[in-house]
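Worksheet for the structure shown next.
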Amino acid sequence: MKSPSMLFLRIVPVALAGVLLAACATQPRPLQGQYTAITPRQAVEHDSTGAMVRWGGRIVSVEPGENRTCFEMLSTGLDASGRPYWKTDEVGGRFIACRTGFYDPALFEKNREVTFTGRIDGYQNRQIGGYDYRFPRLAADVVYLWPERERIDVVTRPAPWPWWGWW
């Protein structure tokens, strides 16, 4: 018969490992899964129709239709949680994501951050200004609108005495 302390020593590491693995799943549940690591720009260059992707970025425009809504997006990288982030002038191209249903343009307004998951179902040519642009089109399974980021202004002041911090 095993002693309670031996049983405790076996259960604790397993429970701890489970807690640590759960802590690593920082993405919202709808965004979790396995996806092809390709940007919209790469999808256009290497015809990737049918690939399952997770893309995100900022809204350029929202076009509600009769039975679906399409989003024109400026693609950015995604952080560990799946949220779009901006590096200096690093953009992964543009894409169009469409999903069945009505998504209100008053809520999904220009520059809001959104992450989509879905399958690339083709391409669409449109103009940006006078430039012809080929957009990959995403048949979205998930439309995840992120809360607006709070802007915090940090004000630093010098120490009141010049010799503070000199040592």
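The values are calculated or read from the model by the stated rules, or taken from the named source; none is laboratory data. Treat the numbers as computed from the prediction; the structure is a model and nothing was measured. No Cβ is skipped: glycine too gets one built from the backbone with ideal geometry, and neighbour counts run over all protein chains shown.
Residues satisfying the criterion are present in the range 149-165 (criterion: modelled with pLDDT under 95, among the polar types (S, T, N, Q) and either farther than 20 Å from THR36 by Cα or touching a Pro at 6+ places or on another chain (Cβ under 7 Å) (or both)). Could we say that ALA106 is modelled with pLDDT of 95 or more, assigned to a loop (DSSP other than H, G, I, E, B) and small (Gly, Ala, Ser) here? Criteria met by ALA106. Counting residues in the range 117-137 that are surrounded by 15 or more Cβ atoms within 10 Å (Cβ to Cβ), small (Gly, Ala, Ser) and modelled with pLDDT under 95 gives zero. Checking each residue in the range 53-75 for being surrounded by fewer than 16 Cβ atoms within 10 Å (Cβ to Cβ), part of a strand (DSSP E or B) and not β-branched (Val, Ile, Thr) picks out SER61, GLU63, PRO64, ARG68.
Determine whether GLY33 is more than 17 Å from LEU145 (Cβ to Cβ) and either assigned to a strand (DSSP E or B) or in contact with a His (Cβ under 6 Å, 6 or more places away or on another chain) (or both). Judged against the criteria, GLY33 is not a match. Just name the residue that is modelled with the lowest pLDDT out of those in the range 62-79 that are among the acidic types (Asp, Glu) and more than 26 Å from ALA37 (Cα to Cα). My answer is GLU66.
Does GLY82 count as surrounded by 13 or more Cβ atoms within 10 Å (Cβ to Cβ), at positive phi and either aromatic (Phe, Trp, Tyr) or modelled with pLDDT of 90 or more (or both)?
Values: surrounded by 13 or more Cβ atoms within 10 Å (Cβ to Cβ): yes; at positive phi: yes; either aromatic (Phe, Trp, Tyr) or modelled with pLDDT of 90 or more (or both): yes.
So GLY82 fits the description; yes.
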